[in-house]
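Here's the structure, in structure tokens; my notes come after.
All of the numbers you see were taken from the coordinates with simple rules; none came from a lab. From a predicted model like this one, the values you see are computed outputs, not experimental measurements. All Cβ positions, glycine included, derive from the backbone under ideal geometry; neighbour counts span all protein chains shown.
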Ligand SMILES: Nc1nc2c(c(=O)[nH]1)N[C@H]1C(S)=C(S)[C@@H](COP(=O)(O)O)O[C@H]1N2
Ligand SMILES: [Mo]
């Protein structure tokens, strides 16, 4: 029996503590993300997020102190939908691909499954995550599988004037546009060169099982270079158009408004939210006696390094767990914090990507001069008390 197993048994044997709750979350066969130290205790944050408001109460948002597996079990994966989950009869479902294409056609699920299969391990984050105090857990990592989008697009052939590809979901709802109430479907658009990225897949499988309805069955787009919003669920139609698509989720909502400076000028900009951004978060503090440890995750870019500042002091380099890594997945990190002075402390983390880009500080203009809540990837500070 290895050390991890005996640690888990010890935790289970202790009964009644928060650590037992954590141990019980381990699904058999999943790698342990934060190998527990024997006798380790969770030190609660002094600033836990408030409970989410009603529409998000069942969204399964990640509770950071409970994070213990690099792959998020599907049953614990967060869910966001803007309309009601649509009812789809899988037997009658088809994916239509049309518009400005050479050979429009439809695909059954069986036809898509017969095409090449590709797996992408991806940390999906809602672009609204960290935009509200209660919203810190709109994130999860899964192994998604499906057919490369480029293969499906290759079957139909884009026409020369296909400027954008619109991905339509089956979900719809009432929208008011310029004083008129109308029914609209969820949709997001992408430029062909973005859509043709070889890592985009039309996904029918999540963590080795059929994609659940809540996560977009029978088929969803997984676009791992992008925030959650681009990952259209309940996909029914891909349409090539020769203009720009300006629906709610491209051009009205999911638009970051900020003041940008350049050439000695400062001006307000409105930009559609899209590509993922570098981010990190301190998940939890644990201790064995006075051996404290800060543990967290970093994502949104290939992570070179994570640094932690305690009480606003100098940055210390955390250890990044390279045993659990994938191009589009979060990296887990920890910093040992031995014998800290008893009392209240702050803990802040920042991620640095392979190009040397640093996760923005809270006073960095990219986040500080932004008035909308999307893309809130500034460095987070948490509070904790050591005994
Ligand atoms: N059709 C459709 N796709 C959608 C949405 C939606 O409301 N409808 N929500 C988007 C948003 S905002 C996010 S964050 C992700 C969440 O994916 P998940 O529910 O599988 O976690 O789905 C995206 N895809
Ligand atoms: Mo989202």
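Could you work out how far helix 3-14 tilts from the main Cα principal axis of the chain, as a 0 to 90 degree angle to the nearest 10?
Result, in degrees: 70.
Could you tell me the center-to-center distance, by alpha carbons, between the range 248-277 and the range 187-239 in angstrom?
Cα centroid to Cα centroid, the span is 24 Å.
Suppose R0 equals 25 Å. What FRET efficiency, 1/(1 + (r/R0)^6) with r the Cβ-Cβ distance, do residue 242 and residue 368 give to the nearest 0.05?
0.05
Report the relative contact order of the chain, percent, no decimals, based on alpha-carbon pairs under 8 angstrom and at least 6 residues apart.
For the chain, the relative contact order is 17 percent.
Normalised by the number of residues in the range 250-387, what is the relative contact order in percent for Cα pairs under 8 Å and 6+ residues apart?
Numbers: 312 pairs, mean separation 38.9, N = 138.
Relative contact order comes out at 28 percent.
May I ask for the Kirkwood hydrodynamic radius of the range 100-150, worked out over all distinct Cα pairs and given in angstroms to one decimal?
14.0
Using the beta-carbon distance between residue 344 and residue 184 and R0 = 51 Å, what value does 1/(1 + (r/R0)^6) give for FRET efficiency, to the nearest 0.05?
0.55
Can you compute the label reach from residue 316? Point 7 Å from Cα along the Cβ direction, backbone N cut-off under 19 Å, restricted to the range 335-354.
Of the residues in the range 335-354, 335-352 have backbone N under 19 Å from the label point off residue 316.
Using helices alone, I'd like the mean residue ellipticity at 222 nm for the chain: each DSSP H run of four-plus residues gives -39500 (n - 2.57), total over residue count, nearest 500.
Only helices count here, giving -2500 deg cm²/dmol.
Residue 155 versus residue 110, label points 7 Å from Cα toward the beta carbon: distance in nm?
So the two model labels end up 1.3 nm from each other.
Classify the chain from the C-alpha gyration tensor, please: rounded if a/c falls under 1.5, else prolate or oblate depending on whether a/b exceeds b/c.
prolate
Stick to the Cα atoms of the range 164-218, pair each with every other, and give me the Kirkwood hydrodynamic radius in Å at one decimal.
On the way: mean 1/r = 0.0734 Å⁻¹.
Over the range 164-218, the inverse of the mean reciprocal pair distance is 13.6 Å.
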